[in-house]
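Trainee: Below are the structure tokens for one structure; questions will follow.
The values are calculated or read from the model by the stated rules, or taken from the named source; none is laboratory data. On a predicted model such as this, the values are computed, not experimentally measured, just so you know. Ideal geometry is used to build each Cβ from the backbone, glycine not excepted, and the neighbour counts take in all protein chains shown. Ligands, DNA and RNA are excluded from the accessible area calculation, which covers all protein heavy atoms including side chains. Shrake-Rupley method; radii C 1.70, N 1.55, O 1.52, S 1.80 Å.
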Amino acid sequence: MGRYEKSWQVARQRIADAAAAAARPPGSVRLLAVSKTFPAEAIREVHALGQRAFGENYVQEAVAKKAALADLPGVEWHLIGPLQSNKAGAAARCFDWVESVDRARMIEVLQNLLGNAIKFMGDQPRPRIEVGARASSDDTVFFVADNGVGIEPRHHESVFGLFERLEPQLDGSGVGLAVARRVVELHGGRIWVESEGRGRGSRFCFTLPHEAAPA
């Protein structure tokens with residue numbers, strides 16, 4: 001068994017198990033091997049096992065690896081890191097797929113949503129916050145759900161307004177959700193809240209489109 005074969009087999013099995021648990025066909029979930037820290041020889045080894053999609057964070061390193069592996073058939077190169085404007089041309093020439101978001105800003109979105117879920121938990125004796133995601137053919141929906149105070153349907157849109165505060169007695173600037181909306185929309189997504197009203201908890205959802213398209 002090669003140096004990387006066992007790790008590759010374990011990853012494949014985990015994907016198969018996760019697909020089965022979600023009642024999805026095994027072939028509907030593919031493994032993207034993040035190869036940024038591995039040399040070209042490692043990519044060559046797992047390619048021989050059947051792996052075809054590889055993810056790189058840095059354009060220049062990927063260019064060198066692609067040149068060293070030009071003889072391998074059927075390889076898909078994915079850019080999965082931040083894309084600098086001065087590297088856009090090289091990325092378009094080198095990568096088959098570009099999947100890039102502003103990681104710091106997306107962390108800010110999640111921090112805002114989690115912070116609100118904690119802040120507006122109220123007197124819930126058994127507080128619960130759930131974070132998750134579900135994918136469709138066009139985008140991925142991320143959500144932060146809680147069993148806190150909830151939001152009346154008439155406020156579902158206004159909560160995203162700048163300086164909007166539904167609970168003035170609580171600390172906060174009122175800009176968190178407005179910032180979250182701006183960041184999500186800059187990435188081509190949308191954000192909304194689902195809640196049946198006071199005391200029924202809230203679910204904040206946002207989408208990120210599958211922008212990755214053939215370069």
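Trainee: Using a 1.4 angstrom probe on heavy atoms only, work out the carbon and sulfur share of the accessible area of the chain in %.
Mentor: Roughly 53 percent, rounded to a whole number.
Trainee: Can you order the peptides 34-41, 132-139 by their average number of other Cβ atoms within 10 Å per residue, highest first? Walk me through the numbers before you get to the answer.
Mentor: Values: 34-41: 13.9, 132-139: 10.8.
Highest-to-lowest ranking by the protection proxy: 34-41, 132-139.
Trainee: Would you calculate a helix-derived [θ] at 222 nm for the chain, using -39,500 (n - 2.57) for each DSSP H run of n ≥ 4 and dividing by the full residue count, to the nearest 500? Write down the numbers at each step before the final one.
Mentor: On the way: 6 runs with 72 residues, N = 215.
My calculation for the chain gives -10500 deg cm²/dmol from helical runs alone.
Trainee: Now a separate question. Please give the charge dipole size of the chain, origin at the Cα centre, charges +1 on K and R Cβ atoms and -1 on D and E Cβ atoms. Round to the nearest 20 debye.
Mentor: On the way: 27 positive and 26 negative charges, 73 e Å.
Dipole about the Cα centre, nearest 20: 340 debye.
Trainee: Also: Where q = 0.13 Å⁻¹, what log10 of I(q)/I(0) comes from the Debye formula for the chain, counting one point per Cα?
Mentor: -0.87
Trainee: Then there is this: Just the number please: accessible area per residue for the chain, 1.4 Å probe, all protein chains included, in Å².
Mentor: In whole numbers, the chain has 60 Å² accessible per residue.
Trainee: How many percent of DSSP beta bridges within the chain run antiparallel, rounded to 5?
Mentor: Bridges in the chain are about 70 percent antiparallel.
Trainee: Quick one: how many lysine pairs in the chain have C-alpha atoms under 22 angstrom apart, if they're 8 or more apart or on different chains?
Mentor: Summing the qualifying lysine pairs gives 6.
Trainee: I've got another one for you. Between Glu61 and Thr140, take the C-beta separation as r, use R0 = 25 Å, and let me know the FRET efficiency to the nearest 0.05.
Mentor: In this case the efficiency is close to 0.40.
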